[in-house]
Amino acid sequence: MGFRKTIQLFPGLVARAALVTSIFVATLSVAYAWGTQGHQVIALMAQSRLTPQARAAVDRLLAVEPGETLASLSTWADEHRDQSTASLHFVNFPRNSCVYDEQRDCSDGRCVVAAIKKEIEVLGSNAPDDRLLTALKYLVHFVGDVHQPLHAGHLDDKGGNTYQLQVFTKGSNLHAVWDAGLIKNLNEEPEPMAARLQGLRSTFPVTDLDPVTAAQESCMIVSMPGFYPNRLVELPYIEKYTPVMERRLVAAGARLAGILNSVFK
Ligand SMILES: [Zn+2]
């Protein structure tokens with residue numbers, strides 16, 4: 001895997017730490033979701049798993065805005081995020097339960113679980129093509145978001161955004177580490193990363209396409225002992241959670257493909 005590759009390239013602990021530090025320091029900006037790379041990797045993995053029918057339907061919609069791809073559209077929803085859509089990118093669970101309760105967790109329909117369900121419905125309707133394309137843009141993004149564990153975390157720390165910590169010697173927050181830090185640390189371009197992660201999928205079959213399941217899984221990861229580091233992210237945390245992060249990307253790609261394949265049968 002990429003991290004091991006990094007270790008082989010930089011066998012000394014000091015050199016490894018220096019590499020990891022320098023990459024993390026370069027990526028400490030606050031972000032809203034999987035960074036660009038995470039969303040693109042998910043879209044690329046999904047694209048490669050589309051049935052011929054789904055691929056044709058997706059291509060037909062993409063042609064409404066020539067030059068766009070599933071990957072290039074995957075961050076559109078963050079670029080067009082405003083007050084009216086901000087809450088559609090996440091869902092909050094209480095600290096003591098990862099069992100989704102619509103009344104409690106999404107009573108107004110303003111959460112990522114409801115947003116995914118709604119956009120699936122639109123995509124399967126006979127709405128005009130520009131609305132179908134918008135549904136596709138939202139779907140490719142929100143299915144990614146719901147798999148970022150901290151998009152199904154807790155309100156009291158805004159999904160880790162207010163959980164301040166040090167990454168080696170630099171200040172950051174836990175949400176930023178999961179959005180982009182762990183991914184950027186692998187130092188791979190999206191295409192080779194997507195191709196490498198496809199190899200993980202056979203050990204991780206994903207057949208349940210329900211966004212509720214994805215949200216509950218994310219919440220359970222956030223609830224794992226040690227997920228919240230003791231205000232310090234260093235190599236042990238990175239080594240432990242990089243494979244967890246990679247499996248979330250794989251699951252998101254597989255589910256996005258599954259959803260599109262079932263909409264465009
Ligand atoms: Zn988002």
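Points to keep in mind about this one:
- Value of [θ]222 nm, deg cm²/dmol, for the chain, DSSP H segments ≥ 4, -39500 (n - 2.57) each, nearest 500: -15500 deg cm²/dmol
- Footprinting exposure proxy for His147, His154, His80, His89 (fewest neighbouring C-beta atoms within 10 Å first): His80, His154, His89, His147
- Counting lysine pairs in region 2-263 that sit 8 or more residues apart in sequence, or on different chains, and whose Cα atoms lie under 30 Å apart gives 15.
- For region 145-265, alpha-carbon Rg and Dmax in angstrom: 15.0, 51
- This ranking places Thr242, Thr51, Thr169, Thr75 by how few other beta-carbon atoms lie within 10 Å of each, fewest first, which gives Thr169, Thr51, Thr242, Thr75.
- Here the chain is treated with +1 on each Lys and Arg Cβ and -1 on each Asp and Glu Cβ, and its dipole about the Cα centre works out to around 680 debye.
- Net +/- balance of residues flanking Arg55 in space, Cβ distance below 13 Å, scoring K and R +1, D and E -1: +2
- Ranked list, fewest to most other Cβ atoms within 10 Å of each Cβ, for Arg60, Arg55: Arg60, Arg55
- Size of region 2-263 from its Cα atoms: along the principal axes, largest to smallest, the extents are 58, 40, 33 Å.
- Karplus-derived 3J(HN,Hα), 6.51/-1.76/1.60, for each residue of region 109-116, Hz, glycine and proline x: x, 9, 8, 5, 5, 5, 5, 5
Values in this text are rule-based calculations from the coordinates and carry no lab data. Predicted model only: the values in this text are computed from it and were never measured. Note that each Cβ is placed from the backbone with ideal geometry, even for glycine, and that neighbours are counted across all protein chains shown.
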